[in-house]
Amino acid sequence: MKNWQTKEQLIYLLTSLVNHQSITGSNAEIALAEYLQHLLAQKSYFRENPAHLQLHPLEDGRRLLTAFVKGNDSSETVILLSHFDVVGVDDYGSLKNLAFYPEELTKEMAYIKERLPEAVQADIASGDWLFGRGTMDMKAGLTLHLAMLEKAMDGEFDGNILLLSVPDEEVNSQGMMTALPVLEQLKKEENLIYNACLNGEPMFSKYPGDSHYYVYAGSIGKVLPGFYCHGKESHVGEPFAGINPNLMASFLSQELELNMKRLLKKWVMT
Ligand SMILES: [Zn+2]
């Protein structure tokens, strides 16, 4: 039986995911991985194929989840990718205690709407928005992935679906890095071809009032370079005998931070 399809069912599922306060590094981040496994384990597909539903350990004891639904005899596979951790809630200010309770928070925001920006007031008035930490980034995406997986379990998809949900996206990407060898292993064990990977992250408006919807194509990654700038002390009377490491770092920042000249040069070269 399908129970992740209607709008009400999806709101209920999303709310239950947001209720888990899975801030990166918290115990709730571990609990949410287990909750996802618990939800999926009740489905008849995974009762019949328990090996297709797995929690994989990270080195620090956190876990990531894979749920594989085999559609037919083909190797063709689509990966549905998400993260289930969220950032902290200090920026909610006085509404902090409601951040993980979307319906209550959305009601409370309606009460105090005069204090909020006009764009937010319009969203509240539309009744189409559910506020809360992680509703957008990215438990709504995960909710939709679960809905798609449920359809696949019912034989409504011609091919295989591999749902992959990881922790630690908001901090060090340990979840995704641990997932890479897991993906390789599954590929070998099940003889899979990964045709596409759909990431359910939210999309962003390009300018205030932008009403377009975007699909981002391609790949994305992050680089975390480290630079060690070693200065040399000198007396105030001999400024040119020393060198300031902050000055060195500032030149690096100018090279790296939103430097369109660099980016354009790179595009022209490649
Ligand atoms: Zn995200």
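The values are calculated or read from the model by the stated rules, or taken from the named source; none is laboratory data. Because the structure is predicted, anything quoted here is derived from the model rather than measured. Please note: Cβ atoms are built from the backbone with ideal geometry, for glycine as well, and neighbour counts cover all protein chains shown. Just the protein is used for accessible areas: all its heavy atoms, side chains included, with ligands, DNA and RNA removed. Shrake-Rupley method; radii C 1.70, N 1.55, O 1.52, S 1.80 Å.
Only four residue types carry charge here, +1 at the Cβ of Lys and Arg and -1 at the Cβ of Asp and Glu. Report the dipole size of the chain about the Cα centre in Debye, rounded to the nearest 20.
Details: 23 positive and 35 negative charges, 82 e Å.
About 400 debye.
Dividing the Cα convex hull volume of the chain by residue count, how many Å³ per residue is that?
Values: hull volume 58.7 nm³, N = 270.
Enclosed volume per residue, from the Cα hull, is 217 Å³.
Normalised by the number of residues in the chain, the average gap of Cα pairs under 8 Å and 6 or more apart makes the relative contact order 22 percent. The label-point distance for His212 and Glu156, in a model that sets each label 7 Å from Cα toward Cβ, rounds to 3.1 nm. Between the beta carbons of Asn27 and Asn195, assuming R0 = 41 Å, the FRET efficiency works out to 0.65 to the nearest 0.05. In this structure, the residue pairs whose Cα-Cα separation is over 19 Å, taken from Lys206/Lys265; Lys139/Lys188; Lys2/Lys43; Lys2/Lys70; Lys96/Lys206, are Lys206/Lys265; Lys139/Lys188; Lys96/Lys206. For helix 245-256, what angle does its Cα long axis make with the longest principal axis of the chain, in degrees from 0 to 90 and rounded to 10? The helix 245-256 is inclined about 50 degrees to the chain.
Within region 77-102, whose backbone N sits under 18 Å from a point 7 Å along Cα→Cβ of Trp129? Flagged as within label range: 91-96, 98-102. Counting only alpha carbon atoms, the long axis of helix 260-269 and the longest principal axis of the chain meet at about 70°.
When the helices of the chain are scored as -39500 (n - 2.57) per DSSP H run of n ≥ 4 and the total is divided over every residue, the value at 222 nm lands at -12000 deg cm²/dmol. Under 5 Å between amide hydrogens, built in the peptide plane, is the criterion, and for His83 it picks out Val166 among residues at least 5 positions away or on other chains.
What is the extension gain from Arg115 to Glu257, computed as 0.36 nm multiplied by their sequence separation minus the C-alpha to C-alpha distance, in nm to one decimal?
Separation in residues times 0.36 nm, less the Cα-Cα distance, equals 47.8 nm.
Using the beta-carbon distance between Tyr92 and Glu34 and R0 = 22 Å, what value does 1/(1 + (r/R0)^6) give for FRET efficiency, to the nearest 0.05? Walk me through the numbers before you get to the answer.
Working: r = 26 Å, r/R0 = 1.17.
Step by step, r from the Cβ atoms, then E = 0.30.
Peptides 170-180, 88-98 ranked from most to least packed by the mean count of surrounding Cβ atoms within 10 Å: 170-180, 88-98. Using all pairs of distinct alpha-carbon atoms, the Kirkwood hydrodynamic radius of region 16-75 works out to 12.7 angstrom.
Determine Rg/Rh for region 123-265; Rg is computed over alpha-carbon atoms and Rh is the Kirkwood hydrodynamic estimate from the same atoms.
On the way: Rg = 23.3 Å, Rh = 20.5 Å.
My calculation of the ratio gives 1.13.
Of the whole protein surface, Ile193 contributes about 90 Å² of accessible area at a 1.4 Å probe radius.
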